[in-house]
Amino acid sequence: MPTCESWKPALYRDSDECREMSHLDDILFVERSAFGQDTEAELTRKLLNDPSAKPLLSLLAFKDDKAVGHILFTKARLTETPKTASIAILAPLAIVPDYQKQGIGGKLIERGLQILSKSGIDLVFVLGHPEYYPRHGFQPAGRLGFKPPYPIPEKHADAWMVQALRSEVIGSVGGKVICADVLNKPEYWRE
């Protein structure tokens, strides 16, 4: 079972380093393995090259020099609000199947949120499993006044979630989240 000592996160922040073929190959391997198709891998490749997604934060988890997990956070912004907030979207989070249910995803989320908090991000949004992400501090965003980039059916409304990295932000801002251009397509906003 990977622990903080036996897996190492590799951090790539808005730099040419994430475009090095070996790192990109590792990222795409994890995405393809986790989802069993190319859709998320191609989305990730496009997000890494999308200027509107920057600054971005991409983390890889390794076990015995094998990439086993990846998480990506991209820039977003709020509209329809008089106040501003610095926000990011978590998408995607991927763990190679043989390494799932071992805490790697949670560690990637935790480390990513720590780095984002230190860099001044106020809020992080995710469209994901409502049973999983609340274990990592996320809560339904719609109830708090945050609209997703595209409408989400009511039966899946709780899949649209947010985590405040600054306690005073929720309640002082709201509005519609505008994501990176590549992610700004209705097909990516179905849970």
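The table for this structure:
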{"item": "Of the criteria (1) modelled with pLDDT of 95 or more; (2) under 15 Å from the mean Cα position of the chain (by Cα); (3) of a type outside the set (D, E, K, R), which one Y99 fails", "result": "(2)"}
{"item": "Residues that are touching a residue at least 12 places away in the same chain (Cβ under 8 Å) and either exposed (fewer than 15 other Cβ atoms within 10 Å of the Cβ) or touching a Leu at 6+ places or on another chain (Cβ under 7 Å) (or both), drawn from region 135-144", "result": "R135"}
{"item": "Qualifying residue in region 103-112 (condition: surrounded by fewer than 15 Cβ atoms within 10 Å (Cβ to Cβ) and over 13 Å from the mean Cα position of the chain (by Cα))", "result": "no"}
{"item": "Entirely in region 1-93, the strands (runs of 3 or more DSSP E) that have 2 or more residues that are out of contact with any Gly (no Cβ under 8 Å at 6 or more places or on another chain), closer than 16 Å to G112 by Cβ and modelled with pLDDT of 95 or more", "result": "66-79"}
{"item": "Residue that is surrounded by the most Cβ atoms within 10 Å (Cβ to Cβ) [pool: residues in region 145-172 that are closer than 20 Å to S117 by Cα and over 16 Å from the mean Cα position of the chain (by Cα)]", "result": "F146"}
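The values are calculated or read from the model by the stated rules, or taken from the named source; none is laboratory data. Since the model is a prediction, treat every value here as computed from it, not as a measurement. All Cβ positions, glycine included, derive from the backbone under ideal geometry; neighbour counts span all protein chains shown.
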